[in-house]
Structure formats: structure tokens, C-alpha cells
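Structure, as C-alpha cells:
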Amino acid sequence: MRIAIVTHNVRTGDGQGRVNYELARYLLSKGFRVEIFADRVSDDLIDAGARWTPVKPGFQRVDLLKVWRFRRLADRLLRNRIGEFDAIVACGVVLGLPHHLNVAHFVHGTWLNSPYHAAKVRRGADAAYQWAFSRINATWEKEVFSRARKVGAVSQMVREELVQIGVPPEKIHVLGNGVDTEEFAPRTPGQPGHISRRDLNLPESVPLALFVGDIQSPIKNLDAVLEAMARVPSMHLAVAGRVGSSPYPAMAERLGVGDRVHFLDFRTDIADLMRAADFFVLVSRRDSCPLVLLEAVSSGLPVVTAKTVGNSDLVEGKCGFVIESPDDIDGLVAALETLANNPVERAQLSTAARAVGLENTWDRMSEKYAAVLGLGVTARRSDTVSA
């Protein structure tokens, strides 16, 4: 059987790209013939037998020109080849032709109405562009979803947003995302792969939380975490995110928590940082299904998150605390205090977190895709074609 995957990138290192990478890897391992229509593809997928048909829009930044041109090129490349494929999987506004499954990682139509949208918190030309970007993409995504036989949602939150913009509920399937449970796994001192806090230049013998994400804009809501920290004097916080012109180091100093917040700048050793931390905090103002939350629970970290984080349902009542609103500072303080000051409860939640991670592997995610597409997993490995 032949499967086409249409998306901008298929590679590790970015969220949606990683999801498509793992789906392609899984399908190849089951013997399906996979052709990828994308701008960039990891070499190891080509080596494993995937065929790559380049779609080169000529722009690297994700802007309106890139989105429009990519879709136009993908339509041109596939127009006379649709019959060659048993299933065509697209991700968002990348394909205008009819296809089997379109997976929504983000819904522009509901984001446009959010009080946190850039057009509502900024001014000038940038605010106008952000409004136009969301408005035009909201129109395009409705067209694309209407032409897909089925629509996938990466979280229950995204499913609800799809219904809000008019996608029939019976057409939507919640697929989730996955995690590498070997890369993101707890390590105790003495185990291979264990790296101490001292090695990472982090304080020892203190309750240490970890924050990972963009700290240039307010969307990840580090400001609420810093404000709450001012009322939880026992905890420290490691922040992995590109500092650059970020306003948050100055904010930490202003709030009197500068000596307890450790800005690490951009990092690639997130798995090591997670093994060094005691718990994880992610209270984004909007996050459809962040891979980093799955990576945290797989690493055995209790989590403090918010309802505005798409996969917060993995945490609630299981391995951490979910506050109703990302702006609920009192609720955030209570959750942080509990995890910082109760090592026994923290250990129990850590065990539960690891169990949640093990239930959400990349293969399990890919099995859901295969089931929605009606694919068996009996194709022979010898059927795989090379690039």
C-alpha cells in the first residue's frame, strides 16, 4: 500500500515535523510505501526507504506567502497522482485537493478570537499582519477541512475548536501526540545517562522546577510563573529558552526572585534537564498539544499546567495539577507550594507521570493514525520502495 504525507517539514527538532517523522518511520517499519511531499525531510527516512518529492515554496519563514505557495505547489504535484495512493495525509493548510485525512495541530479560527492573540496585545503594523495572517488562514483551513474525508485533532481541545469552526463532530478523530520513552526517561544517580545538577550548573538540594519554551512573547506565560514564585520562597526554577531580548530576566529581578530563577538560554539537552528537575511547569495561555509536556511526564516529572494546554487531560487527576485559568495566580501558587514542599507526594506523582508517558509512545500514536485511515499493519517490508 502507498501512503502520501503532505506537510512542510518531516524531521525531528520541531513539533509538527517530529509527529510526521514518527508517523513516516512507523509506516515504513510496517512495510508501507511512503512518499513525502515536503520542503525538508530527514535523511534517515530516505535511507529507510521513503520517497521524497520536494515542495519548495522559496520561503523559510512561516508567513502568508509560504503557506499560499506551498499549497499551490502541492496541489500541482498531486493533481494527476491522487489515484496512486491508498491514503493521503495532510497537516493543515497544505493541500487543497480532496484527501483522506487532514490533521489539525492548530486552529486559526478560534485563535483569532482569543484575548491573547497578538493582534490584541500588540500595536501597529505587526498587529495588523498577525490579524490578517490568522484571518486568511482561518478561511483556508475551513476549505481544507471540508475537502478531507476525515479530520484529525492532536488533542481534545483542538477537537472542540474544530467543532466551533463548523467541522462535523462525526468527522473528527482525536489522535494525540507521542513521546520517545527511552530518550525521555528517569535516571537515578549511578545509572548510565545520569547527569548531576552540578554538571548542569544548577543548584543542588533545593526543589527545582523546569520551564521550557519561548520566552520572547507572553504566550507561554512565564510571567505568571515568576509572579507565583515570589510567593513560594522554597523553590527554584530553571528556564530553557532563548534569552535574547526576553523581558523575563528583568522581571525576575523586579519581583525579587532573580537569585532563584536560572535562565539557561536555548538548550538541546532537554532530556538531561528534565532528569535533573523535580517537577515541570507549563501554564501557556494557549498550547494545542505541546510535545514538551509529554516529554516531562515520560521523564517522571509531576506537572503543573492549565486547561488552556491541549493535553492537560493527561495530567489532571493523575500526575500533577491543572489550574482552570493560566492567569489564576492563587491556584498556581497552591500547586507550586505542594510540589516544592512535599517530597513524598512528589515521588508518588513522579511514578504516575512515568506511567502516563509509557501509555503515549510514538508507536501508539501512529497506530491511531493507521486505524483512522483503515490501514492494516500486515504489509510486507519487502514492498518498501527506495527513493
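The values are calculated or read from the model by the stated rules, or taken from the named source; none is laboratory data. All values reported here derive from a predicted model rather than from experimental measurement. Reconstructed Cβ throughout: ideal geometry from the backbone, glycine too, with neighbour counts over all protein chains shown.
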Item to check | Matching entry among D47, D14, D43 (being within 19 Å of the chain's Cα centre (by Cα) and free of Cβ contacts under 8 Å to residues at least 12 places away in the same chain) | outcome: D14
Next on the checklist: Tell me yes or no: at least one residue of segment 350-364 is more than 23 Å from N102 (Cα to Cα), surrounded by fewer than 14 Cβ atoms within 10 Å (Cβ to Cβ) and modelled with pLDDT under 95.
Outcome noted: no
Next on the checklist: Going by what's in this entry, would S299 be described as under 17 Å from A153 (Cα atoms) and either crowded, with 24+ Cβ neighbours inside 10 Å or among the aliphatic types (A, V, I, L, M) (or both)?
Outcome noted: no
Checklist entry - Out of segment 324-340, which residues are surrounded by 24 or more Cβ atoms within 10 Å (Cβ to Cβ) and not in a helix (DSSP H, G or I)? => result P326
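Table: residues versus (1) in contact with an Asp or Glu (Cβ under 8 Å, 6 or more places away or on another chain); (2) at pLDDT 95 or above; (3) under 20 Å from K66 (Cβ atoms).
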position	(1), (2), (3)
V94	no, yes, yes
L97	yes, yes, yes
R149	no, yes, no
R159	no, yes, no
Next on the checklist: Please verify whether L101 is under 30 Å from P343 (Cα atoms) and of a type in the set (A, V, I, L, M), treating the condition exactly as stated.
Outcome noted: no
Checklist entry - Residues V283, V257: which one is of a type outside the set (S, T, N, Q), under 26 Å from A355 (Cα atoms) and outside the structural domain of V103 (by TED's automatic domain parsing)? => result V283
Checklist outcome for this item: Residue hits (segment 153-171; more than 15 Å from the chain's Cα centre (by Cα) and surrounded by fewer than 20 Cβ atoms within 10 Å (Cβ to Cβ)) are E160, V163, Q164, I165, G166, P168, P169, E170, K171
Next on the checklist: Exactly one of these conditions fails for E367: (1) assigned by TED's automatic domain parsing to the domain that holds V174; (2) assigned to a loop (DSSP other than H, G, I, E, B). Give me its number.
Outcome noted: (2)
Checklist entry - Could you list, in sequence order, the residues of segment 130-170 that are hydroxyl-bearing (S, T, Y) and either touching a Leu at 6+ places or on another chain (Cβ under 7 Å) or in contact (Cβ under 8 Å) with a residue 40 or more places away in the chain (or both)? => result S134, S155
Item to check | Some residue of segment 112-129 being in contact with a Leu (Cβ under 9 Å, 6 or more places away or on another chain), part of a helix (DSSP H, G or I), at pLDDT 95 or above and more than 15 Å from W68 (Cβ to Cβ) | outcome: no
